[in-house]
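Peer 1: Okay, here's the structure, questions in a sec.
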Amino acid sequence: MIEKKTYYFEKPGKANTGDCLSIVQSAVRDYGYEYIVVATTGGDTGLLFSEAFKGTGVKLAAITHSYGFKEPNTIELDPDMANKIRANGAVLYTGTMVTHSLESAFAKQFNGLYPTLIVAQTLRRFGEGPKVCCEIAMMAVDAGLVPEGRDIVTVAGTGRGADTVMVIRCSASKRFLDLKVQEILAKPLFGI
């Protein structure tokens, strides 16, 4: 039997970001994880984590929303933040979210229900952060930023900031069914 801690936040959101960083630092120190994948929309979370892991040898990938996610021809990440994240040695990746792609357009236009939307809604039963952790793990593998089949630490949140930390045995999106959530290190509680 293995005993490990899971942290539960009373409320979701940005206020938990510092605690998530501490949890990730402990996991890296105690278990030697080499890869961290962090969701970052405006860049604050990516910058915080890239500063904390700068020069440590840990490979950090910061994953953003795609261009046009909020509105056509725009990205939510400030260019200055992007430059600072890269300057700290992190890789910044912007790509299509696995569960928010072509099927979202069809669902909006034709009011249908499609497999990736079912997957997204199923993952949301654990929270928005856990869904995003699974997405960014696959995105990082699809982009060649982390090796498939490795246990990586993923960080995401509800809205802005971080409130979820998971260890995921990552897979490419093409092999989604091989993805395994190894541990939930932190997440918000529901219904408090």
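No value in this document is a laboratory result; all are computed from the given coordinates. Not measured: the values here are computed from a predicted model. Because the Cβ atoms are built from the backbone with ideal geometry, glycine has one as well, and the counts that use them run over all protein chains shown.
Peer 1: Mind listing whichever residues of region 168-178 are surrounded by fewer than 21 Cβ atoms within 10 Å (Cβ to Cβ) and out of contact with any Leu (no Cβ under 6 Å at 6 or more places or on another chain)?
Peer 2: Within region 168-178, Arg169, Ala172, Ser173, Lys174, Arg175, Phe176, Leu177, Asp178 meet the criteria.
Peer 1: Turning to a different aspect of this structure: Is it true that some residue in region 166-175 is closer than 21 Å to Tyr35 by Cβ, in contact (Cβ under 8 Å) with a residue 12 or more places away in the chain and in contact with a Pro (Cβ under 6 Å, 6 or more places away or on another chain)?
Peer 2: No, region 166-175 has no match at all.
Peer 1: OK, next. Please report, ordered by residue number, the strands (runs of 3 or more DSSP E) entirely within region 137-192 with at least 1 residues that are closer than 16 Å to Ala62 by Cβ and of a type in the set (A, V, I, L, M).
Peer 2: 151-156, 164-169
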